[in-house]
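Following: one structure in structure tokens, then a few remarks.
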């Protein structure tokens, strides 16, 4: 058995097949290492919660960010914070 060269298309196909096998029933990859938390709070409390999360999980170490947010019809803010689980 000698060394077998693989084309970029072969590598991409194998990685795609691996990704498809690792997907969970919810449609999220099992290897997705992000932690997500969703909050629905009044505007001032939402701002305070976001600031608290950035203090507890600094962006430089945990890659913390507001992934999405929206204002609901009752004036509350719904937002999702995404971060890494650990700072390595």
Ranked by how many other beta carbons lie within 10 Å on average, peptides 42-48, 61-67, 9-15 from highest: 61-67, 42-48, 9-15
Cβ crowding within 10 Å averaged over residues, with 53-60, 77-84 ranked highest first: 77-84, 53-60
Difference of contour (0.36 nm per residue) and Cα-Cα distance, residue 76 to residue 10: 18.9 nm
Computed lengthening from residue 43 to residue 84, 0.36 nm per intervening residue step minus Cα-Cα distance: 12.2 nm
Potential lengthening between residue 18 and residue 66 on full extension [0.36 nm per residue; Cα-Cα distance subtracted]: 14.4 nm
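Each reported figure results from applying straightforward, stated rules to the coordinates on display, with no laboratory input. Quick caveat: nothing in here was measured; it's all calculated off a predicted structure. A quick note on method: Cβ atoms are made from the backbone with ideal geometry, for glycine too, and the neighbour counts reach across all protein chains shown.
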